[in-house]
1. For the subset of segment 223-238 comprising residues that are under 18 Å from SER204 (Cα atoms) and either without any contact (Cβ under 8 Å) to a residue 60 or more places away in the chain or outside the structural domain of ALA191 (by TED's automatic domain parsing) (or both), which member is surrounded by the most Cβ atoms within 10 Å (Cβ to Cβ)?
2. Quick check: anything in segment 182-203 without any contact (Cβ under 8 Å) to a residue 40 or more places away in the chain, farther than 26 Å from GLN264 by Cβ and among the polar types (S, T, N, Q)?
3. If you go through segment 168-219, how many residues are among the aromatic types (Phe, Trp, Tyr) and touching a helix residue (DSSP H, G or I) at 6+ places or on another chain (Cβ under 7 Å)?
4. Which of the numbered conditions does ILE80 fail, given that it passes all the others? Conditions: (1) part of a helix (DSSP H, G or I); (2) in contact with a helix residue (DSSP H, G or I) (Cβ under 9 Å, 6 or more places away or on another chain).
5. Sort out which residues of segment 1-47 are over 21 Å from CYS111 (Cα atoms), hydrophobic (A, V, I, L, M, F, W, C) and not in a loop (DSSP other than H, G, I, E, B), and write them in order of number.
6. Among the residues of segment 189-217, write down those that are farther than 17 Å from GLU235 by Cα and surrounded by fewer than 13 Cβ atoms within 10 Å (Cβ to Cβ).
7. Tell me which residues, restricted to segment 27-45, are under 18 Å from ARG66 (Cα atoms) and surrounded by 10 or more Cβ atoms within 10 Å (Cβ to Cβ).
Amino acid sequence: MGRGDPASIFQMIGRCGRGGEAGLAIMFVEENRRNGKNCVADFTNPYVQTDDEQMDALAITPVCLRVAFTLDNKLGYVPISPDNPNYLLERKREDDDRHRLTDDGLDECHCSNCDIEKFKVGLSKIIHMRNNNFDELVANPENIKDNPLNRPFLNPETIAEWNPGPTDAPLAPVLESFARSLLGDYEIIFAESFDLSVSDFLPSELFDIETARIVALALDRGLPLNQVERLIKGEPLPGLLHVIQSAWDRFSSGEIYSMYTHEQKTYEEVVFRRYLELQSEMLISEQTQLEKKTANQLALKQQKAERMAKKIQLEKEKDERRIAKQAKAVLKQQEDSIKQAEKEEKARKKTEQAAANLVAERKRRLKKEEDDQHLAMLQLKAKKAKDNHQTPE
């Protein structure tokens, strides 16, 4: 709504609440539009916007939505930055108007960008909205009581989207022929549904060869018709899906498609066998590399162990030589001590012998002196006796 002419959605929102009662405008926007501008950085010139870009800006703008609507009506673009000069001027004008001491001033804005928490609560309570509690939902959504009978809608489990890849090049001849046959079928349905003379579109514009190739690839893949429908651009014409299914049933039961599927199956088997061979070769190569790596690691560990053993042996021999050298030095020191002790003992004995000889010599000399004195005394006595004997009475 509003994609073709954004002014229309703003006009409708502008009518909301004009009767004097509270109004609630709920907008459904595309958060991520294909080939659209889905973030602020995508807008190279935010002041010049096309209709689609205006709606893209409305989906992602962080500014006050009331101000955004006003600027779009005045200037023809939706501001996407709170620093936009025009946005700041309009925001100031509305703030000044809201603070005027009159009854006709603007109410405070409660849009989803201005009052985020209130918006989140209101969004969770909107399933319980009734005519009699609508004003309360807008003003104070947290006061709305949950109705146990109202259960939120849960999206059914979705099937992973299938991507057909690029379809600008022709498919395999078998599928390409089926895709081109779909173009003819579509032209027939289109001619039955519309008057070609007054139609603004050609059948090839609504269902082109690329779309036909996507349908052919999807049916060949085995996708159900409801998924094929989602791959067609826009809403399919009435009866188109039935025609596609009938055409595919006839085509897939034919001999040409059977041969094609047989060739594809054979090719896939060959590719799978080759894949297994390559996988086996890769596993063998990885195992060989692992064994080689393990052997290298063991060899490195062994070399390291040998180097450690050799180092330990060298250190042991070095310690033995050091101990032997120390023992030899100690033994030599002991021998030198013994020789020194023997030398000192000999010197002591020699000294003692010399002292003994000196004492003996002194004793002999003293004895000789005593003998000489005794002899002299005897001679003196003998002389006195002789002298006394020779003297007359």
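The values are calculated or read from the model by the stated rules, or taken from the named source; none is laboratory data. These numbers come from a predicted model, not from an experiment. We place every Cβ from the backbone using ideal geometry, glycine too, and count neighbours over all the protein chains shown.
1. Here the residue is ILE232.
2. Scanning segment 182-203 turns up at least one residue that is without any contact (Cβ under 8 Å) to a residue 40 or more places away in the chain, farther than 26 Å from GLN264 by Cβ and among the polar types (S, T, N, Q).
3. Taking segment 168-219 and keeping what is among the aromatic types (Phe, Trp, Tyr), we get 178, 186, 190, 194, 201, 207.
Filter once more, so that each one left must be touching a helix residue (DSSP H, G or I) at 6+ places or on another chain (Cβ under 7 Å): 178, 186, 190, 207.
Total meeting the criteria: 4.
4. (1)
5. ALA41 - this is the single residue of segment 1-47 that is over 21 Å from CYS111 (Cα atoms), hydrophobic (A, V, I, L, M, F, W, C) and not in a loop (DSSP other than H, G, I, E, B).
6. The answer is ASP195, LEU196, SER197, VAL198.
7. Residues of segment 27-45 under 18 Å from ARG66 (Cα atoms): 27-29.
Selection gives MET27, VAL29.
This table checks each residue for (1) more than 20 Å from ARG98 (Cβ to Cβ); (2) small (Gly, Ala, Ser).
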position: GLU21; (1), (2): no, no
position: ARG33; (1), (2): yes, no
position: GLY36; (1), (2): yes, yes
position: ASP52; (1), (2): yes, no
position: VAL63; (1), (2): no, no
